[in-house]
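Quick note: the coordinates plus some simple rules give every number you see, no bench work behind them. Not measured: the values here are computed from a predicted model. FYI the Cβ positions are ideal-geometry reconstructions off the backbone, even for glycines, and counts take in every protein chain you see.
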Amino acid sequence: MSAYRLTTKRRQFVELLEQANTPLSAYEIIDRYNEQFDARVLAPSAYRILNSLIEAGFVHRLETCNKYVACAHETDQCCDDAAPQFFICDRCDVVQELHIPSRLVHELRDSGAAHGFEVRYPQIELHGVCRDCAEPAGGAAA
Ligand SMILES: [Zn+2]
Ligand SMILES: [Zn+2]
């Protein structure tokens with residue numbers, strides 16, 4: 001157990017992301033934070049907080065959207081062997097977080113190694129359509 005200190009500000013960032021239904025960009029986070037807590041957090045300090053929360057496993061950055069989400073799991077579980085896997089709905093932006101089974105992470109690492117490549121960051125982001133958005137009643141003409 002690492003003794004990561006969740007300062008008030010860090011905790012508020014996590015809460016803010018947990019309240020959001022969809023991933024937020026850094027600037028959306030800053031706007032909401034300043035509004036909600038009547039504060040004036042600036043971009044450099046917001047990025048510092050976000051990076052520190054990512055390292056500690058409380059928050060993930062979706063590279064394909066350039067947005068942030070709160071980790072859906074107990075923080076300890078998202079480190080080490082497991083790597084996060086995201087299903088991202090391109091219609092409503094809703095994100096589901098799962099874990100890539102560690103067997104698969106090992107296979108990805110092995111496959112990298114077989115090609116002389118060291119996988120250091122096995123997070124997977126899959127884009128598609130969630131069940132709600134896929135309903136024909138949704139009205140979207142395919
Ligand atoms: Zn996670
Ligand atoms: Zn959707």
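Odds and ends about this structure:
- With R₀ fixed at 35 Å, the C-beta to C-beta distance from Glu35 to Ala113 puts the FRET efficiency at about 0.15.
- Here the sum of -39500 (n - 2.57) over DSSP H runs of 4 or more residues, divided by the residues of the chain, equals -11500 deg cm²/dmol at 222 nm, to the nearest 500.
- Taking one quarter of the surface of the C-alpha convex hull of region 8-136 gives a mean projected area of 9.4 nm².
- Gain in span if fully extended, Ala43 to Thr22, counting 0.36 nm per residue against the direct Cα distance: 5.5 nm
- Check: the chain dipole with +1 on Lys, Arg Cβ and -1 on Asp, Glu Cβ, in debye: 420 debye
- For His127, His73, the sequence from fewest to most other C-beta atoms within 10 Å is His127, His73.
- Leu98-Ala72 pseudo-label distance in nm [points 7 Å out on the Cα-to-Cβ vector]: 0.9 nm
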